[in-house]
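> Provided herewith is a single structure, encoded as C-alpha cells, for subsequent inquiry.
The values are calculated or read from the model by the stated rules, or taken from the named source; none is laboratory data. Just so we're clear, the structure is a prediction, and the values are computed from it rather than from any experiment. A quick note on method: Cβ atoms are made from the backbone with ideal geometry, for glycine too, and the neighbour counts reach across all protein chains shown. Keep in mind that these areas ignore ligands, DNA and RNA; they rest on the heavy atoms of the full protein, side chains included. Shrake-Rupley method; radii C 1.70, N 1.55, O 1.52, S 1.80 Å.
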Amino acid sequence: MISVCMATYNGERYIQEQVTSILHQLGPDDELIVSDDGSADKTLQVLEEFHDPRIRMFDGPRRGLTYNFENAIKNAVGDYIFLTDQDDVWESDKVERMMEALQDVDLVVSDAWISDENAVSTGKSLYDICKPHKGFWPTLYHTTYIGCCTAFRRTILKKLLPFPPHIVMHDYWIGQIADLYYKTTFIPDKLLRYRRHGNNTSALTTGISPLSLYEKLSYRYWIFYYVLRRWGQ
C-alpha cells in the first residue's frame, strides 16, 4: 500500500492539478494524506470536490511546514510513503519508477524539472543546481535530500518519528536519518515538475538563504545531536 503525504496551506491555486496528477497513479487501496495547517482559502473545498475516498484530510498542528509534514506522515498507514508539495505536478511514471527503486533501498530521491508558475519546464533540473550526494558529513554540511522528490519504506519511521525540536526543514531531518541508519539512493529520472512562483521562491533554486550564520550553525548542531540520539532506538 502507498501513502502519499501532502502538507497544505492556502494552496487553492495549484492543488487541483497536483492532486489529479497523483490520484491517476494510485491504486484503489492507496491513500493521499493531507495535513492542512489552517488554510483560509478554498484548499479544503477543492480537495472535497474530488469526492475520492482515497483522500484523507487531517488538521495540522499549526507549527509550520516541517511539523505539518510530520503530522501527515504520522497519519499514513502505507508500507511505502511518498512526500509531495501542494503546488508541483507529478510526471505520469513517478510512482512506477520510485517503486522500482524502493525494491532495493529504504529511501529514494529523484530529480525534477524546475518549472515556471504554469508548470512549464525551464530546461533545468534540481540536480543541475544541487548535485546529489550521500554521506553523513557531506549531508550535514549541505543536504541534497529534497522532500518533494522523496519516497521511503515505512521501516524508517522507527528512527524518523517523532520529529525533534529545532529542525528547520523536514527533508533535512529525513535525509540525515536515512543516510546514517538506512540504505538510500538518488536516481536520475526527472519525475515531477517543481513549480517556482512568487509564493514559494526558496534557497534551493535561488542559492540565497534567509538564515544567519548563527542560525545555520545552530540547526546543524541540533540535527547532529538528535540524529545521534536515535542510535539505540
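> Which residue out of Tyr145, Tyr194, Tyr141, Tyr182 is at pLDDT 95 or above and over 24 Å from Met1 (Cα atoms)?
Tyr194
> Looking only at residues that are under 12 Å from the mean Cα position of the chain (by Cα) and not in a strand (DSSP E or B) in region 145-154, which one is surrounded by the most Cβ atoms within 10 Å (Cβ to Cβ)? If you could, list the steps in order and put the result at the bottom.
Looking only at region 145-154, we keep the residues that are under 12 Å from the mean Cα position of the chain (by Cα), and these are 145-152.
Within this subset, residues satisfying the condition of being not in a strand (DSSP E or B) are 145-149.
On the way: Tyr145: 26, Ile146: 23, Gly147: 21, Cys148: 23, Cys149: 30.
Looking at the filtered set, the residue picked out is Cys149.
> Looking at (1) surrounded by 21 or more Cβ atoms within 10 Å (Cβ to Cβ); (2) within 22 Å of Gln86 (Cα to Cα); (3) among the hydrophobic types (A, V, I, L, M, F, W, C), which one does Ala178 not meet, given that it meets all the others?
(2)
> Right, here's the next one. Considering every residue within region 43-50, establish whether at least one is among the aromatic types (Phe, Trp, Tyr), touching a helix residue (DSSP H, G or I) at 6+ places or on another chain (Cβ under 9 Å) and open to solvent by less than 40 Å² (accessible area, probe 1.4 Å).
No, the conditions are met nowhere in region 43-50.
The rows are residues; the columns are (1) part of a helix (DSSP H, G or I); (2) open to solvent by less than 40 Å² (accessible area, probe 1.4 Å); (3) within 22 Å of Ile15 (Cα to Cα).
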| residue | (1), (2), (3) |
| --- | --- |
| Ile73 | yes, yes, yes |
| Asn118 | no, no, yes |
| Pro138 | yes, no, no |
| Ile156 | yes, yes, no |
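> Going by the structure shown, is Met6 more than 17 Å from the chain's Cα centre (by Cα) and not basic (Lys, Arg)? Steps first, answer last, please.
Details: more than 17 Å from the chain's Cα centre (by Cα): no; not basic (Lys, Arg): yes.
In short, no.
> Please go through region 101-129 and pick out each residue that is under 11 Å from Tyr194 (Cβ atoms) and hydrophobic (A, V, I, L, M, F, W, C).
Matches in region 101-129: Ala112, Trp113, Ile114, Ala119, Leu126, Ile129.
> Let me ask another. Quick one: count up the residues across region 51-71 that are open to solvent by less than 80 Å² (accessible area, probe 1.4 Å), closer than 22 Å to Ile2 by Cβ and out of contact with any strand residue (DSSP E or B) (no Cβ under 7 Å at 6 or more places or on another chain).
Of the residues in that region, 2 qualify.
> Which ones in region 158-169 are open to solvent by 10 Å² or more (accessible area, probe 1.4 Å), part of a loop (DSSP other than H, G, I, E, B) and out of contact with any His (no Cβ under 8 Å at 6 or more places or on another chain)? Walk me through it before giving the result.
So in region 158-169, the residues open to solvent by 10 Å² or more (accessible area, probe 1.4 Å) come out as 158-159, 161-163, 165-169.
Applying the additional criterion that residues be part of a loop (DSSP other than H, G, I, E, B) yields 161-163, 165-169.
The answer is Leu161, Pro162, Pro165, His166, Ile167, Val168, Met169.
> Please enumerate the residues belonging to region 88-116 that are outside any strand (DSSP E or B) and surrounded by 22 or more Cβ atoms within 10 Å (Cβ to Cβ).
Our first condition is that a residue be outside any strand (DSSP E or B); within region 88-116, this holds for 88, 91-106, 116.
Asp88, Lys94, Val95, Met98 - these are the residues of region 88-116 that are outside any strand (DSSP E or B) and surrounded by 22 or more Cβ atoms within 10 Å (Cβ to Cβ).
> Separate question: I'd like to know if region 9-20 contains one or more residues that are over 17 Å from Ser92 (Cα atoms), assigned to a strand (DSSP E or B) and modelled with pLDDT of 95 or more.
The answer is no, given that none of the residues of region 9-20 is over 17 Å from Ser92 (Cα atoms), assigned to a strand (DSSP E or B) and modelled with pLDDT of 95 or more.
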